[in-house]
Amino acid sequence: MFIATLNKLKAQLTFFTARLNAANLLLSLFLLMGMNACDSNFVAYQNVLDTSAVVLSFDRIAADKNESVLVTGKNLDKDIKIEMNGVPVDFQIVSKSKGSFVIPADAPEGLTDVKFTKSKKSLGLLPLVIGSSADNIPVMTVSSSSVCSDIIYKDKTGTLTRGERPCGDKPTCSKDGQIDCLAVANFPAVDKRTKLSIANAALIHSTITIAGVKGTMSNCSADGATSCLADTSFPSADASLAAGKIITGQTLAGISGTGAIRPSDCVIDGGTDCIAVASYPATDASVAAAKIVTGQTLAGIPGTASSALANCAADGATGCVANSTFPAVNKAVNLSAGNLAKIHSSVTVGGVAGTLSDCSVDGAQGCLTVPAFRAATFAGAAAKIITGQTLAGLSGTAAPAPANCAADGATGCVAVTNFPAVNKVVNLASGNLAKIHSSVTVGGVVGTMSDCAADGGTGCLAISTYPAALASGAAAKIVTGQTLAGVSGTAAPAPANCAADGATGCVAVTNFPAVDKVTNITGNAAKIRSTVTIAGVT
């Protein structure tokens, strides 16, 4: 085969000798030899079809028969097979990155290719010189970084050298987190260092893994929690309004309530800050003293009224003790326009009819409520030379290897560790984007999860303004008529302060304290002037 190659070279040299000067003659010899060598020993590095195993290099360029050669690679295993000149060679695995084989004793000397396969899929070819026969190896005065890694040549000093530039095509990225592959539309590169930083991972839900990085955002699981995903159990609560919607002594969404609660019923005469009830109605303290006879105390108020006057015996009489037949009436006060509005229209007192009409509308009540050169021949050489490079006077047309991905969402580049491919269809589907915060862009796609901005919001990022609230048991902490975190309150609101003599179901205050009706009024009715009405009793 070597003699046939030389004969072919001589014929081809005759064609070029008349056209090239002495300097170019040497280059032509290299090219012509390379043309034939490419048919046998200079086979281009094939596509890496099996991305799980990669053969990178040998520990030597030349080896003798029966000599061991160390192989370096990635994910090496016992399923990898070796062939030299079509003959299988035993491959011994040392580790996932190291392996070795022995040059067969009957292997022909010269430049040969070592072919690696796994499961009938090519892992590539690496050239190796067997023995000391290297006369047909071309001399190239270029840097090894500009020569493909599947070519062995002699440098300007005559030393055997192997190219260092990877020339094989990269496989298309097809898995989330994959590297050393060609990023495409469905698997674009992700800026792992920036877009998937620890800070951004905290803005991606823990159920999503992007380019091998798992989000750390969890669902809200504690009352008052923030930077978590609000859900139905822990919806966001409007912190700016929550305090007044939560009853005093209770905490919801981490917020202490300030809403008033119902005080206890009044149980003592003269009591205040309590609920006036039938037994202890509110008393008008401003006028009570004059309604209580001297020497008596009612609602904590000593009486100042005189006693022992004669019974009234005429309608409209004054200066007498009103009796059942002729009761007295305070015409200027009790029968003023304001007071007449408190007397039913069916009643006439002292010749004056009341103006209070029957209620016809149910009244509202108040409530507290409240996110790099290779061996080539002129025929077809251009296609073997990288575009923008010139070799033997030929301009290359071969597409160069794409650059490593260096931008989030980039495509047509090689996915690397910092910019691995992301499964855009699956991991960046609209359903998952809803679990990625809108401030995070992954694979060129912006998350759609927004900060919680509404009371009761779910599927949003709980923040300090809208923290998560524990929905379970929240209703009892919220005043009836108010809604917080989407939960309607059931806690009873505080009633209004008492503002009328004899009123009940209200909060007794200083001007309208509770009075012990049974003891101080009913039992002492005879000691109260008939012109006096206390706690609704005359």
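Descriptive notes on the structure:
- Net charge contributed by nearby residues that have their C-beta within less than 15 Å of Leu252 (K/R +1, D/E -1): -1
- Legend: calculated FRET efficiency, Ala407 to Thr480, from the Cβ-Cβ distance at R0 = 45 Å, rounded to 0.05, equals 0.20.
- Distance from region 384-447 to region 67-112 (C-alpha centre basis), Å: 34
- Each peptide among 71-82, 452-463 gets the average number of other Cβ atoms lying within 10 Å of its residues, and from highest to lowest they stand as 452-463, 71-82.
- Spin-label pair Thr490/Glu109, simplified geometry with 7 Å Cα→Cβ offset, distance in nm: 9.8
- Going by neighbour counts of Cβ atoms within 10 Å, the residues Arg162, Arg262, Arg193 line up, fewest first, as Arg193, Arg262, Arg162.
- Too-long pairs where the Cα-Cα distance tops 24 Å, listed order kept, from Lys98/Lys121; Lys65/Lys121; Lys81/Lys154; Lys245/Lys517: Lys65/Lys121; Lys81/Lys154; Lys245/Lys517
- Summary of packing: across the peptides 408-415, 92-99, 467-474, 207-214, the per-residue average of other C-beta atoms within 10 Å ranks them, highest first, as 467-474, 408-415, 207-214, 92-99.
- Full-extension gain in nm, Ala313 to Ser95, via 0.36 nm per residue minus C-alpha separation: 66.0 nm
Readers should treat all values here as calculations from the given coordinates under stated rules, not as data from a laboratory. Bear in mind the structure is a predicted one, so any value in this text is a computation, not a measurement. Backbone-built Cβ (ideal geometry, glycine too); neighbour counts: all protein chains shown.
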